[in-house]
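So the structure is just underneath, and the comments pick up after that.
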Amino acid sequence: TQSPVTGSSSVNVSAGISGLSLTTTYHFRVKAENAFGITYGSDVARTTTVYGKATVETYQPAAATIGTSSAVLSGYVHASNGEAVYEKGIYYCPATLSDPVTQGTRKADTNYGLGAISVSVTGLSPSTAYHVIAFGLNANGEGYGERRTFTTDTVTLATVYTDQPSSVSYETAVCGGNITDDGGDNIDVRGCCWSTSINPTIYNSYTINGSGMGTFVSNLTGLADGTLYYVRAYATNDAGTAY
């Protein structure tokens, strides 16, 4: 194909060329013509750019980054395909839904452009499978990686130890406990429960002494004078109440 004549002797030659195909190599050379004929310059090859959505990969979440209610999800934008990538991130949803993009939650990375994607998500349910898809956004829309699946960790009952009661009077006593393992989930409530029957539970008398792991102290009140009581420390997380 010949472009329009755009110059003459001792003048730089340039021409705009349109209608080219994407990702196609074209050869061109400059032509000069005078009364003696036509002369051509050297051949130059150029390949047109890909203009499209970003090329994205979704990484399989690593076990070390998955908790009972949180996870670090990642991916990679390998190519921008002719347009700047101005947002990238992750879509995720429970595996009971089929499409994270249309049915899930979208969370963008704080960085943009080519390269790694990494976002931390919270509020997940324990022992639950989730789908995840990475995305990269440019002027042509969102490009997506593969769909991956991961399962959050299982919550178990906490590990709790009961302190020996002390400062026992005719109607009060001091007890407490120590939570050494939260079972993989936050301890929502902790305290001591007591009864005149062995193995008391929170359906008997009990105290509430904050939340979280570690040691705590409980003040038992309303006891009957000269009565034998049984007491146990307890801790409650999403898996239930441990004693």
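The values are calculated or read from the model by the stated rules, or taken from the named source; none is laboratory data. The shown structure was predicted, so the numbers you read here are calculated from the model rather than taken from an experiment. Using ideal geometry, Cβ is built from the backbone for each residue, glycine included, and neighbour counts are taken over all protein chains shown. Only protein heavy atoms, including side chains, enter the accessible area calculation; ligands, DNA and RNA are left aside. Shrake-Rupley method; radii C 1.70, N 1.55, O 1.52, S 1.80 Å.
Under 5 Å between amide hydrogens, built in the peptide plane, is the criterion, and for VAL56 it picks out HIS78, TYR144 among residues at least 5 positions away or on other chains. In the chain, helical runs assigned H by DSSP with n ≥ 4 each contribute -39500 (n - 2.57); averaged across all residues and rounded to the nearest 500, the mean residue ellipticity at 222 nm is 0 deg cm²/dmol. Phi angles across region 11-19 convert, under the Karplus curve 6.51 cos²θ - 1.76 cosθ + 1.60 with θ = phi - 60°, into 3J(HN,Hα) values of 10, 4, 9, 8, 7, x, 10, 10, x Hz, Gly and Pro given as x. Here is the list for region 114-174: GluC sites (Glu not before Pro) lying in DSSP coil, each with at most 16 other C-beta atoms within 10 angstrom of its C-beta, are GLU171.
Calculated from the alpha-carbon coordinates, region 64-202 shows an Rg and a Dmax of 23.5, 82 Å respectively. The share of accessible area on the chain that comes from carbon and sulfur is 50 percent, using a 1.4 angstrom probe.
For LYS53, the lysines whose Cα falls under 17 Å of its own Cα, not counting residues fewer than eight places away in the same chain, are LYS88. For the chain, the Kirkwood estimate of hydrodynamic radius, built from reciprocal distances between every pair of different alpha carbons, is 24.0 Å. Accessible area per residue for region 130-243, computed on protein heavy atoms with a 1.4 Å probe, is 51 Å². Under 1.5 on a/c is rounded, so check that first for region 75-130, then, if it is not, pick prolate when a/b is larger than b/c and oblate when it is not; a ≥ b ≥ c are the square roots of the alpha carbon gyration tensor eigenvalues. It is prolate, given that a/c is not under 1.5 and a/b is the larger ratio. Ordering of 230-239, 213-222, 189-198 by packing is 230-239, 189-198, 213-222, highest average first (other Cβ atoms within 10 Å, averaged per residue).
Springs join every pair of Cα atoms under 10 Å in this Gaussian network model of the chain, and among THR102, THR149, THR24 the largest mean-square fluctuation is at THR24.
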